[in-house]
Amino acid sequence: MDSVVSDVTDVSGPDAAAGPEVAVRVAPLPGRSPAEAGEEQLYAWQTDRTRAPIATKIVIAGGFGVGKTTLVGTASEIPPLRTEALMTEAGVDTDDLTDTPEKQTTTVALDYGRLTLDDDLVLYLFGTPGQSRFWFMWDDLVRGAIGAVVLADTRRLEDCFPALDYFESTGLPYIVAVNHFDGSEQFDPEDVRDALTVPESIPVMIMDARRRISVIETLLGLVRHALDVSPE
């Protein structure tokens, strides 16, 4: 499958995840997504009624405060839909802010964004809420998805176990993406794999949810993996 997203930077080289070659060029907005720049590029599928896009749903999951909302916002070419609420004292006993003391809001329903690749391949991104009290929504959020990105924070890897267990039990293709936070120790993907006991068949990637190229590499890694395990 040859897909292209537009940007001066090609991320299909040796640092990209293994799998079918996918050339990537991301829209030239240094350090910003199109949504952040207040611009929206029109694609062929939006202007030509004879062309129908390939719509692909991707779920972004993981523990509380791991970067799901940031990832969706970084990648989205439209202003992302966010359902965040201010954190209050009511959540003190359940929401651990030890590693994210500056976090003031939390997702209470979902995050939603869109990313177009190669004019016709459109990724619809759905971020799940991280706290266990919202897990009942996951069955609805993953319906129709081709796969999921499970975000992990090496300072609290145990927080992503519920998401790993969920996707293992449902059979939905997934990859693990370690979101590197400032000040956190960096580990090799294989060390993270061993710590999480993730099978060799599951890609493990290191990324930064604040960097658009890094996020797109991660999403393409999931698309490749989904194609490998479900080619039809």
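The values are calculated or read from the model by the stated rules, or taken from the named source; none is laboratory data. As the structure is a computational prediction, the values presented were derived from the model and not from experiment. As a convention, Cβ positions derive from the backbone with ideal geometry for all residues, glycine included, and neighbour counts pool all protein chains shown. Note: accessible area is taken over every heavy atom of the protein model, side chains too, but ligands, DNA and RNA are not part of it. Shrake-Rupley method; radii C 1.70, N 1.55, O 1.52, S 1.80 Å.
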Residue among ASP111, ASP48, ASP119 that is at pLDDT 60 or above, open to solvent by 50 Å² or more (accessible area, probe 1.4 Å), touching a helix residue (DSSP H, G or I) at 6+ places or on another chain (Cβ under 9 Å) and acidic (Asp, Glu): ASP119
If GLU84 passes every condition in (1) among the charged types (D, E, K, R); (2) modelled with pLDDT of 90 or more; (3) in contact with a Ser or Thr (Cβ under 6 Å, 6 or more places away or on another chain) but one, which one does it miss? (2)
I need the full set of residues from the range 160-203 which are modelled with pLDDT under 90 and open to solvent by 60 Å² or more (accessible area, probe 1.4 Å), in order please. ASP182, GLY183, GLU185, GLN186
Within the range 144-201, restricting to residues that are in a helix (DSSP H, G or I), of a type in the set (Asp, Glu) and more than 17 Å from the chain's Cα centre (by Cα), the one that is farthest from LEU227 (Cα to Cα) is GLU158
Can you tell me how many residues in the range 208-220 are buried (at least 24 other Cβ atoms within 10 Å of the Cβ) and among the small types (Gly, Ala, Ser)? 1
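Within the range 213-227, work out how many residues are closer than 23 Å to GLY183 by Cβ and more than 11 Å from the chain's Cα centre (by Cα). Spell out the reasoning first.
Let us first name the residues in the range 213-227 that are closer than 23 Å to GLY183 by Cβ, namely 213-215, 217-218.
Within this subset, residues satisfying the condition of being more than 11 Å from the chain's Cα centre (by Cα) are 213.
The qualifying residues number 1.
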